[in-house]
1. How much accessible surface area, in Å² rounded to 10, belongs to the heavy atoms of Asp48 with a 1.4 Å probe?
2. Once you list every other residue whose beta carbon is under 12 Å from the beta carbon of Ala188, what net charge do they have if Lys and Arg are +1 and Asp and Glu are -1?
3. At a probe radius of 1.4 Å, what is the per-residue accessible area of Cys371, in Å² to the nearest 10?
4. Summing -39500 (n - 2.57) over the DSSP H runs of n ≥ 4 in the chain and dividing by its residue number, what mean residue ellipticity at 222 nm do you reach, to the nearest 500 deg cm²/dmol?
5. Please state, to two decimals, what the Cα-based radius of gyration of segment 93-149 comes to when divided by 2.2 N^0.38 Å (N = residues).
6. Scan the chain and note any complete DSSP helix (H) whose C-alpha atoms cover at least 15 Å along its axis and whose Kyte-Doolittle average is 0.0 or more.
7. So how do 53-65, 110-122, 11-23 stack up, highest first, on mean other-Cβ count within 10 Å?
8. So for each of 137-143, 200-206 I average, over its residues, the number of other beta carbons within 10 Å; can you give me the resulting order with the highest mean first?
Amino acid sequence: MKVRTDEFKARSAETTRNPRRQASLKMVYDGLHKGRIAAAEDTHGWDDERDRARAIKWHTINNLDYYLDLLDKNVRANGGNVFFANDDAEAREYVLGVAKANNVKTVIKSKSMVSEEIGLNEAFEKAGINPVETDLGEYIIQLAKEAPYHLIAPAIHKTREEISDLIQEVAGGPHQEDPKDLTDTARALLRDAFRKAEMGVSGVNFAVAETGSIAIVTNEGNGRMVTSAPRVHVAIVGMEKVIPSMQDLSTMLRVLIRSATGQRISSYVTVVNGPRKAPEEDGPDEFHLVIVNNGRENLLKDEQLREAMLCLRCGACLNACPVYRKAGGHAYGWVYPGPIGAIVSPVMTGKKAGRDLPFASTLCGACKDACPVKIELPSLLLRLRSDLSEGKTDPKEASSPLAERLSIKVWRFGVQSPAMFSLAGKLSSLLMAPMSRQGWVRWLPPPLNGWTKSREFPRIASKPFRARFKKKEQR
Ligand code: SF4
(Lines give C-alpha, C1' and ligand atoms only; values in the text may rest on other atoms or scores of the structure.)
Protein backbone atom coordinates (compact mmCIF):
# COMPACT_ATOMS: atom_id res chain seq x y z
CA MET A 1 0.00 0.00 0.00
CA LYS A 2 1.28 3.45 -0.92
CA VAL A 3 2.64 5.35 2.07
CA ARG A 4 1.13 8.85 2.28
CA THR A 5 1.99 9.65 5.87
CA ASP A 6 3.47 13.01 4.78
CA GLU A 7 0.00 14.27 3.86
CA PHE A 8 -1.45 14.31 7.38
CA LYS A 9 -1.96 18.07 7.63
CA ALA A 10 -3.63 18.48 4.26
CA ARG A 11 -5.82 15.39 4.59
CA SER A 12 -6.91 16.10 8.17
CA ALA A 13 -7.79 19.69 7.23
CA GLU A 14 -9.95 18.33 4.41
CA THR A 15 -11.82 16.00 6.80
CA THR A 16 -12.42 18.66 9.44
CA ARG A 17 -14.08 20.81 6.76
CA ASN A 18 -16.31 17.97 5.55
CA PRO A 19 -19.59 17.92 7.56
CA ARG A 20 -20.52 14.49 6.17
CA ARG A 21 -17.30 12.91 7.47
CA GLN A 22 -17.61 14.72 10.79
CA ALA A 23 -21.11 13.31 11.23
CA SER A 24 -19.89 9.75 10.48
CA LEU A 25 -16.98 10.14 12.87
CA LYS A 26 -19.45 10.79 15.69
CA MET A 27 -20.31 7.09 15.46
CA VAL A 28 -16.78 6.22 16.52
CA TYR A 29 -17.42 7.87 19.87
CA ASP A 30 -21.13 7.19 20.36
CA GLY A 31 -21.03 3.59 19.17
CA LEU A 32 -17.61 2.05 19.62
CA HIS A 33 -16.11 4.14 22.45
CA LYS A 34 -19.20 4.15 24.65
CA GLY A 35 -19.73 0.44 23.94
CA ARG A 36 -16.21 -0.35 25.16
CA ILE A 37 -16.70 1.66 28.35
CA ALA A 38 -19.98 -0.13 29.09
CA ALA A 39 -18.38 -3.53 28.46
CA ALA A 40 -15.43 -2.72 30.72
CA GLU A 41 -17.73 -1.53 33.52
CA ASP A 42 -19.72 -4.71 33.16
CA THR A 43 -16.70 -7.01 33.47
CA HIS A 44 -15.63 -8.09 36.92
CA GLY A 45 -11.88 -7.60 37.41
CA TRP A 46 -11.46 -5.78 34.07
CA ASP A 47 -8.27 -4.05 35.10
CA ASP A 48 -6.69 -7.33 36.30
CA GLU A 49 -7.70 -8.90 33.00
CA ARG A 50 -5.86 -6.13 31.15
CA ASP A 51 -2.78 -6.67 33.33
CA ARG A 52 -2.85 -10.40 32.52
CA ALA A 53 -3.17 -9.71 28.80
CA ARG A 54 -0.31 -7.22 28.94
CA ALA A 55 1.91 -9.69 30.80
CA ILE A 56 1.23 -12.41 28.19
CA LYS A 57 2.08 -10.10 25.30
CA TRP A 58 5.12 -8.58 27.00
CA HIS A 59 6.54 -12.01 27.77
CA THR A 60 5.93 -13.20 24.19
CA ILE A 61 7.41 -10.12 22.51
CA ASN A 62 10.51 -10.40 24.67
CA ASN A 63 10.91 -14.05 23.65
CA LEU A 64 9.66 -13.65 20.11
CA ASP A 65 12.30 -15.79 18.39
CA TYR A 66 11.42 -18.75 20.65
CA TYR A 67 7.67 -18.48 20.10
CA LEU A 68 7.91 -17.89 16.35
CA ASP A 69 10.11 -20.96 16.09
CA LEU A 70 7.62 -23.01 18.11
CA LEU A 71 4.75 -21.74 15.97
CA ASP A 72 6.64 -22.65 12.81
CA LYS A 73 7.32 -26.21 14.06
CA ASN A 74 3.74 -26.82 15.13
CA VAL A 75 2.11 -25.42 11.97
CA ARG A 76 4.34 -27.75 9.93
CA ALA A 77 3.53 -30.66 12.27
CA ASN A 78 -0.17 -29.98 11.53
CA GLY A 79 0.53 -30.32 7.80
CA GLY A 80 0.73 -26.59 7.00
CA ASN A 81 3.44 -24.50 5.35
CA VAL A 82 5.13 -21.48 6.92
CA PHE A 83 6.83 -18.59 5.16
CA PHE A 84 8.68 -15.78 6.91
CA ALA A 85 8.43 -12.63 4.76
CA ASN A 86 10.99 -10.00 5.50
CA ASP A 87 9.11 -7.29 3.63
CA ASP A 88 5.93 -6.62 1.68
CA ALA A 89 7.44 -7.68 -1.65
CA GLU A 90 8.47 -11.10 -0.30
CA ALA A 91 5.02 -11.62 1.22
CA ARG A 92 3.24 -10.72 -2.03
CA GLU A 93 5.55 -12.88 -4.10
CA TYR A 94 4.94 -15.92 -1.90
CA VAL A 95 1.15 -15.56 -1.92
CA LEU A 96 1.10 -14.99 -5.69
CA GLY A 97 3.30 -18.07 -6.11
CA VAL A 98 0.80 -20.19 -4.17
CA ALA A 99 -2.07 -18.76 -6.24
CA LYS A 100 -0.32 -19.44 -9.54
CA ALA A 101 0.69 -22.97 -8.52
CA ASN A 102 -2.98 -23.69 -7.87
CA ASN A 103 -4.26 -21.97 -10.99
CA VAL A 104 -6.35 -19.59 -8.92
CA LYS A 105 -8.69 -17.15 -10.68
CA THR A 106 -10.78 -15.88 -7.75
CA VAL A 107 -9.64 -15.25 -4.18
CA ILE A 108 -12.03 -14.58 -1.32
CA LYS A 109 -10.63 -12.60 1.56
CA SER A 110 -11.65 -12.05 5.15
CA LYS A 111 -10.47 -8.93 6.94
CA SER A 112 -6.70 -8.61 7.11
CA MET A 113 -4.90 -5.34 7.83
CA VAL A 114 -1.58 -6.98 7.00
CA SER A 115 -2.83 -7.85 3.52
CA GLU A 116 -3.72 -4.14 3.10
CA GLU A 117 -0.27 -3.26 4.40
CA ILE A 118 1.48 -5.39 1.77
CA GLY A 119 -0.81 -4.27 -1.08
CA LEU A 120 -2.04 -7.78 -1.84
CA ASN A 121 -5.22 -6.86 -3.71
CA GLU A 122 -3.31 -4.69 -6.20
CA ALA A 123 -0.80 -7.52 -6.71
CA PHE A 124 -3.64 -10.01 -7.36
CA GLU A 125 -5.28 -7.67 -9.85
CA LYS A 126 -2.00 -7.11 -11.71
CA ALA A 127 -1.60 -10.87 -11.96
CA GLY A 128 -5.11 -11.24 -13.44
CA ILE A 129 -6.58 -12.75 -10.25
CA ASN A 130 -9.85 -11.41 -8.88
CA PRO A 131 -9.69 -10.67 -5.10
CA VAL A 132 -13.06 -10.28 -3.38
CA GLU A 133 -13.31 -8.86 0.14
CA THR A 134 -16.06 -10.66 2.06
CA ASP A 135 -16.21 -8.62 5.27
CA LEU A 136 -19.02 -6.17 4.51
CA GLY A 137 -17.03 -3.08 5.52
CA GLU A 138 -14.00 -4.21 3.52
CA TYR A 139 -16.26 -5.04 0.55
CA ILE A 140 -17.65 -1.50 0.60
CA ILE A 141 -14.23 0.12 0.63
CA GLN A 142 -13.04 -2.27 -2.07
CA LEU A 143 -15.92 -1.06 -4.25
CA ALA A 144 -14.99 2.53 -3.38
CA LYS A 145 -11.31 1.80 -4.16
CA GLU A 146 -10.29 3.26 -0.81
CA ALA A 147 -8.13 2.25 2.15
CA PRO A 148 -9.76 1.23 5.47
CA TYR A 149 -10.78 4.15 7.66
CA HIS A 150 -10.65 2.34 10.97
CA LEU A 151 -8.96 -0.82 12.26
CA ILE A 152 -12.18 -2.71 12.90
CA ALA A 153 -14.79 -0.62 11.08
CA PRO A 154 -13.18 0.03 7.70
CA ALA A 155 -16.17 1.78 6.12
CA ILE A 156 -17.37 3.72 9.15
CA HIS A 157 -16.95 7.01 7.24
CA LYS A 158 -19.39 6.05 4.51
CA THR A 159 -22.97 7.29 4.70
CA ARG A 160 -25.91 5.05 3.83
CA GLU A 161 -26.41 6.94 0.55
CA GLU A 162 -22.77 6.46 -0.46
CA ILE A 163 -22.96 2.73 0.32
CA SER A 164 -26.21 2.46 -1.58
CA ASP A 165 -24.61 4.09 -4.67
CA LEU A 166 -21.61 1.76 -4.52
CA ILE A 167 -23.70 -1.40 -4.24
CA GLN A 168 -26.13 -0.31 -6.93
CA GLU A 169 -23.22 0.21 -9.32
CA VAL A 170 -22.32 -3.50 -9.19
CA ALA A 171 -25.74 -5.01 -8.53
CA GLY A 172 -27.87 -2.79 -10.79
CA GLY A 173 -31.61 -2.72 -10.04
CA PRO A 174 -33.45 -0.15 -7.93
CA HIS A 175 -31.75 2.18 -5.49
CA GLN A 176 -31.86 0.69 -1.97
CA GLU A 177 -31.62 2.63 1.28
CA ASP A 178 -32.68 0.09 3.88
CA PRO A 179 -29.53 -1.40 5.53
CA LYS A 180 -31.15 -4.86 5.50
CA ASP A 181 -31.84 -4.69 1.76
CA LEU A 182 -28.32 -3.45 1.11
CA THR A 183 -26.84 -6.29 3.19
CA ASP A 184 -29.00 -8.86 1.40
CA THR A 185 -27.82 -7.58 -1.99
CA ALA A 186 -24.16 -7.63 -0.91
CA ARG A 187 -24.69 -11.14 0.49
CA ALA A 188 -26.07 -12.37 -2.83
CA LEU A 189 -23.12 -10.85 -4.72
CA LEU A 190 -20.62 -12.39 -2.32
CA ARG A 191 -22.28 -15.81 -2.38
CA ASP A 192 -21.24 -16.17 -5.99
CA ALA A 193 -17.60 -15.39 -5.12
CA PHE A 194 -17.71 -17.91 -2.22
CA ARG A 195 -18.84 -20.61 -4.64
CA LYS A 196 -16.23 -19.83 -7.29
CA ALA A 197 -13.10 -19.07 -5.25
CA GLU A 198 -10.19 -21.51 -5.38
CA MET A 199 -8.28 -19.71 -2.63
CA GLY A 200 -9.12 -17.98 0.65
CA VAL A 201 -6.91 -15.35 2.27
CA SER A 202 -7.51 -14.47 5.89
CA GLY A 203 -5.96 -12.31 8.57
CA VAL A 204 -5.09 -13.68 12.00
CA ASN A 205 -6.02 -12.23 15.36
CA PHE A 206 -3.78 -14.59 17.31
CA ALA A 207 -1.37 -17.34 16.31
CA VAL A 208 -1.02 -19.94 19.07
CA ALA A 209 2.55 -21.26 19.25
CA GLU A 210 1.98 -24.40 21.36
CA THR A 211 -0.62 -25.84 18.96
CA GLY A 212 0.27 -24.17 15.65
CA SER A 213 -3.30 -22.82 15.42
CA ILE A 214 -4.62 -19.48 14.25
CA ALA A 215 -7.64 -17.72 15.75
CA ILE A 216 -9.90 -15.38 13.78
CA VAL A 217 -12.58 -13.18 15.31
CA THR A 218 -15.50 -12.08 13.11
CA ASN A 219 -19.14 -11.10 13.40
CA GLU A 220 -20.28 -12.06 9.92
CA GLY A 221 -19.21 -15.68 9.56
CA ASN A 222 -17.27 -14.83 6.42
CA GLY A 223 -14.01 -15.82 8.15
CA ARG A 224 -15.25 -19.39 8.45
CA MET A 225 -16.22 -19.56 4.80
CA VAL A 226 -12.89 -18.09 3.66
CA THR A 227 -10.87 -20.54 5.76
CA SER A 228 -12.85 -23.66 4.95
CA ALA A 229 -14.60 -23.49 1.56
CA PRO A 230 -11.76 -22.96 -0.98
CA ARG A 231 -9.11 -25.60 -1.71
CA VAL A 232 -6.28 -23.37 -0.48
CA HIS A 233 -6.13 -21.20 2.62
CA VAL A 234 -3.42 -18.58 3.10
CA ALA A 235 -3.34 -16.80 6.47
CA ILE A 236 -1.26 -13.64 6.76
CA VAL A 237 -0.05 -12.48 10.16
CA GLY A 238 2.20 -9.75 11.54
CA MET A 239 4.92 -11.37 13.62
CA GLU A 240 3.70 -9.65 16.80
CA LYS A 241 0.45 -11.65 16.81
CA VAL A 242 1.91 -14.86 18.23
CA ILE A 243 0.90 -15.91 21.76
CA PRO A 244 2.19 -18.91 23.72
CA SER A 245 -0.85 -21.09 24.50
CA MET A 246 -4.56 -21.82 24.16
CA GLN A 247 -5.03 -20.77 27.77
CA ASP A 248 -3.57 -17.38 26.87
CA LEU A 249 -5.96 -17.21 23.92
CA SER A 250 -8.97 -17.11 26.22
CA THR A 251 -7.55 -14.10 28.10
CA MET A 252 -6.64 -12.33 24.87
CA LEU A 253 -10.08 -12.90 23.35
CA ARG A 254 -11.81 -11.48 26.42
CA VAL A 255 -9.89 -8.21 26.26
CA LEU A 256 -9.80 -7.90 22.47
CA ILE A 257 -13.50 -8.33 21.80
CA ARG A 258 -14.68 -6.06 24.62
CA SER A 259 -12.22 -3.35 23.56
CA ALA A 260 -12.98 -3.60 19.86
CA THR A 261 -16.77 -3.73 19.70
CA GLY A 262 -17.97 -3.67 23.30
CA GLN A 263 -19.32 -7.21 22.91
CA ARG A 264 -18.69 -9.91 25.49
CA ILE A 265 -17.98 -12.34 22.71
CA SER A 266 -18.11 -11.91 18.97
CA SER A 267 -20.50 -13.95 16.83
CA TYR A 268 -17.70 -16.19 15.57
CA VAL A 269 -14.31 -17.21 16.92
CA THR A 270 -12.70 -19.58 14.44
CA VAL A 271 -9.66 -21.65 15.33
CA VAL A 272 -7.86 -23.24 12.37
CA ASN A 273 -5.39 -26.07 12.82
CA GLY A 274 -3.95 -26.43 9.33
CA PRO A 275 -5.37 -28.23 6.32
CA ARG A 276 -8.12 -30.87 6.33
CA LYS A 277 -7.02 -34.24 7.68
CA ALA A 278 -8.72 -37.59 7.17
CA PRO A 279 -11.50 -38.29 8.10
CA GLU A 280 -12.47 -34.58 8.21
CA GLU A 281 -14.88 -33.55 5.47
CA ASP A 282 -14.42 -29.80 5.52
CA GLY A 283 -11.41 -27.61 5.16
CA PRO A 284 -8.76 -26.77 2.59
CA ASP A 285 -6.25 -29.17 1.05
CA GLU A 286 -3.44 -26.67 1.60
CA PHE A 287 -2.73 -24.27 4.44
CA HIS A 288 -0.05 -21.57 4.35
CA LEU A 289 0.90 -19.20 7.15
CA VAL A 290 2.78 -16.10 6.03
CA ILE A 291 4.51 -14.37 8.95
CA VAL A 292 5.34 -10.78 8.06
CA ASN A 293 8.12 -8.57 9.40
CA ASN A 294 7.92 -5.53 7.06
CA GLY A 295 9.53 -3.03 9.45
CA ARG A 296 8.29 -4.55 12.71
CA GLU A 297 11.87 -5.30 13.72
CA ASN A 298 12.44 -1.51 13.87
CA LEU A 299 10.01 -1.52 16.77
CA LEU A 300 11.34 -4.72 18.28
CA LYS A 301 14.98 -3.68 18.46
CA ASP A 302 14.20 -0.47 20.35
CA GLU A 303 13.65 -1.18 24.03
CA GLN A 304 11.05 1.55 24.46
CA LEU A 305 9.24 1.37 21.12
CA ARG A 306 9.02 -2.44 21.43
CA GLU A 307 5.98 -1.79 23.58
CA ALA A 308 4.00 -0.97 20.42
CA MET A 309 4.37 -4.65 19.43
CA LEU A 310 1.87 -5.48 22.19
CA CYS A 311 -0.91 -4.01 20.06
CA LEU A 312 -3.94 -6.20 19.36
CA ARG A 313 -5.28 -3.83 16.66
CA CYS A 314 -8.56 -3.50 18.56
CA GLY A 315 -9.06 0.15 17.61
CA ALA A 316 -9.99 1.33 21.13
CA CYS A 317 -7.28 4.01 21.11
CA LEU A 318 -8.68 5.43 17.85
CA ASN A 319 -12.17 5.69 19.33
CA ALA A 320 -10.85 7.45 22.43
CA CYS A 321 -8.60 9.88 20.54
CA PRO A 322 -9.98 13.41 20.00
CA VAL A 323 -7.57 13.93 17.09
CA TYR A 324 -8.62 10.75 15.23
CA ARG A 325 -12.27 11.68 15.75
CA LYS A 326 -11.69 14.97 13.90
CA ALA A 327 -8.94 14.06 11.42
CA GLY A 328 -10.42 10.71 10.34
CA GLY A 329 -8.61 7.53 9.32
CA HIS A 330 -7.33 8.47 5.87
CA ALA A 331 -5.37 11.44 7.23
CA TYR A 332 -2.80 9.07 8.71
CA GLY A 333 -1.78 8.00 5.21
CA TRP A 334 -1.20 4.29 5.78
CA VAL A 335 -3.03 1.20 7.04
CA TYR A 336 -2.80 1.98 10.74
CA PRO A 337 -4.53 5.18 11.89
CA GLY A 338 -4.98 6.83 15.28
CA PRO A 339 -2.51 6.93 18.17
CA ILE A 340 -1.06 3.48 17.47
CA GLY A 341 -0.74 4.34 13.78
CA ALA A 342 1.07 7.57 14.69
CA ILE A 343 3.69 5.36 16.34
CA VAL A 344 3.98 2.27 14.17
CA SER A 345 3.57 3.91 10.74
CA PRO A 346 6.60 6.22 10.94
CA VAL A 347 8.77 3.53 12.53
CA MET A 348 7.76 0.73 10.14
CA THR A 349 7.82 2.82 6.97
CA GLY A 350 10.56 5.35 7.82
CA LYS A 351 10.21 8.32 10.10
CA LYS A 352 11.09 10.85 7.43
CA ALA A 353 7.72 10.65 5.68
CA GLY A 354 5.63 10.34 8.84
CA ARG A 355 7.19 13.15 10.80
CA ASP A 356 3.85 14.88 11.45
CA LEU A 357 2.13 11.82 12.89
CA PRO A 358 3.66 11.75 16.41
CA PHE A 359 2.57 15.39 16.73
CA ALA A 360 -1.03 14.51 15.89
CA SER A 361 -1.96 14.03 19.53
CA THR A 362 -3.01 16.20 22.45
CA LEU A 363 -1.24 13.74 24.80
CA CYS A 364 -4.41 13.69 26.90
CA GLY A 365 -3.82 10.02 27.75
CA ALA A 366 -7.29 8.78 26.70
CA CYS A 367 -5.64 6.27 24.34
CA LYS A 368 -3.61 4.68 27.12
CA ASP A 369 -6.67 4.46 29.39
CA ALA A 370 -8.60 2.70 26.63
CA CYS A 371 -5.85 0.30 25.55
CA PRO A 372 -6.57 -3.28 26.71
CA VAL A 373 -2.84 -4.00 27.08
CA LYS A 374 -2.02 -0.62 28.61
CA ILE A 375 0.47 0.47 25.96
CA GLU A 376 2.20 3.69 27.03
CA LEU A 377 1.02 5.46 23.88
CA PRO A 378 1.64 9.07 25.06
CA SER A 379 5.20 8.25 26.18
CA LEU A 380 5.95 6.56 22.86
CA LEU A 381 4.58 9.56 20.96
CA LEU A 382 6.76 11.89 23.04
CA ARG A 383 9.76 9.68 22.41
CA LEU A 384 9.21 9.90 18.63
CA ARG A 385 8.72 13.66 18.83
CA SER A 386 12.03 13.91 20.61
CA ASP A 387 13.76 11.73 17.97
CA LEU A 388 12.37 13.86 15.20
CA SER A 389 13.23 17.18 16.85
CA GLU A 390 16.81 16.01 17.29
CA GLY A 391 16.90 14.94 13.66
CA LYS A 392 17.79 11.38 14.63
CA THR A 393 16.35 9.83 11.50
CA ASP A 394 17.16 11.64 8.30
CA PRO A 395 18.27 15.15 9.27
CA LYS A 396 17.49 16.54 5.83
CA GLU A 397 13.93 15.36 5.60
CA ALA A 398 12.89 14.10 9.00
CA SER A 399 13.85 16.84 11.39
CA SER A 400 11.60 19.78 12.26
CA PRO A 401 11.33 22.78 9.93
CA LEU A 402 14.36 25.10 9.96
CA ALA A 403 12.60 27.92 11.80
CA GLU A 404 11.47 25.56 14.56
CA ARG A 405 14.93 24.04 14.96
CA LEU A 406 16.58 27.46 15.09
CA SER A 407 14.05 28.74 17.64
CA ILE A 408 14.67 25.72 19.86
CA LYS A 409 18.43 26.23 19.60
CA VAL A 410 18.08 29.93 20.52
CA TRP A 411 15.73 29.05 23.37
CA ARG A 412 18.15 26.40 24.68
CA PHE A 413 21.02 28.88 24.60
CA GLY A 414 18.91 31.52 26.35
CA VAL A 415 17.63 29.41 29.23
CA GLN A 416 21.08 28.22 30.21
CA SER A 417 22.04 31.55 31.80
CA PRO A 418 19.79 33.69 34.07
CA ALA A 419 21.24 36.88 32.57
CA MET A 420 20.59 35.73 29.00
CA PHE A 421 17.10 34.57 29.97
CA SER A 422 16.24 37.94 31.45
CA LEU A 423 17.67 39.84 28.46
CA ALA A 424 15.81 37.57 25.99
CA GLY A 425 12.55 38.16 27.90
CA LYS A 426 12.96 41.94 27.73
CA LEU A 427 13.88 41.89 24.03
CA SER A 428 10.97 39.59 23.13
CA SER A 429 8.53 41.79 25.02
CA LEU A 430 9.76 44.87 23.14
CA LEU A 431 9.59 43.11 19.75
CA MET A 432 6.10 41.80 20.44
CA ALA A 433 4.70 45.18 21.52
CA PRO A 434 3.79 46.49 18.03
CA MET A 435 2.17 43.15 17.11
CA SER A 436 0.01 42.69 20.19
CA ARG A 437 -3.37 43.87 21.34
CA GLN A 438 -4.78 43.51 24.86
CA GLY A 439 -1.90 41.26 25.88
CA TRP A 440 -2.16 38.85 22.93
CA VAL A 441 -0.09 38.53 19.78
CA ARG A 442 -2.38 37.75 16.87
CA TRP A 443 0.16 37.91 14.07
CA LEU A 444 3.84 37.01 13.74
CA PRO A 445 5.90 37.53 10.61
CA PRO A 446 7.13 34.54 8.56
CA PRO A 447 8.81 32.18 9.29
CA LEU A 448 7.43 32.47 12.84
CA ASN A 449 3.79 32.67 11.77
CA GLY A 450 3.02 28.92 12.07
CA TRP A 451 1.61 29.42 15.55
CA THR A 452 -0.45 32.54 14.89
CA LYS A 453 -2.08 31.08 11.78
CA SER A 454 -4.56 29.31 14.03
CA ARG A 455 -3.89 30.59 17.58
CA GLU A 456 -2.93 33.64 19.56
CA PHE A 457 0.27 33.89 21.53
CA PRO A 458 0.40 35.64 24.94
CA ARG A 459 2.62 38.69 24.88
CA ILE A 460 5.66 38.31 27.10
CA ALA A 461 5.22 40.65 30.08
CA SER A 462 7.27 43.82 29.95
CA LYS A 463 8.31 43.32 33.57
CA PRO A 464 9.35 39.80 34.60
CA PHE A 465 7.62 38.13 37.52
CA ARG A 466 10.80 38.26 39.63
CA ALA A 467 11.02 42.04 39.32
CA ARG A 468 7.36 42.49 40.21
CA PHE A 469 7.71 40.13 43.16
CA LYS A 470 10.76 41.99 44.45
CA LYS A 471 8.89 45.27 44.25
CA LYS A 472 5.99 43.81 46.16
CA GLU A 473 8.32 42.54 48.90
CA GLN A 474 9.85 45.97 49.28
CA ARG A 475 6.50 47.62 49.94
S1 SF4 B 1 -2.69 0.40 20.92
FE2 SF4 B 1 -4.01 -0.64 22.36
S3 SF4 B 1 -6.01 0.36 22.07
FE4 SF4 B 1 -4.77 0.89 20.26
S5 SF4 B 1 -5.29 -0.66 18.76
FE6 SF4 B 1 -3.48 -1.41 19.87
S7 SF4 B 1 -4.29 -2.68 21.54
FE8 SF4 B 1 -5.99 -1.47 20.76
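1. 90
2. Net of charged neighbours comes to 0.
3. In the full protein context, Cys371 sits at about 10 Å².
4. -14000 deg cm²/dmol
5. The reported ratio for this selection is 1.08.
6. Once both thresholds are applied, what remains is 246-261, 338-349, 377-389, 402-415, 418-432.
7. By packing density, highest mean first, the sequence is 110-122, 53-65, 11-23.
8. Result, highest mean Cβ count within 10 Å first: 200-206, 137-143.
The values are calculated or read from the model by the stated rules, or taken from the named source; none is laboratory data. Since the structure is predicted, the reported quantities are computational estimates derived from the model, not experimental observations. FYI the Cβ positions are ideal-geometry reconstructions off the backbone, even for glycines, and counts take in every protein chain you see. We work out accessible area using only protein heavy atoms, side chains counted, and drop any ligands, DNA or RNA first. Shrake-Rupley method; radii C 1.70, N 1.55, O 1.52, S 1.80 Å.
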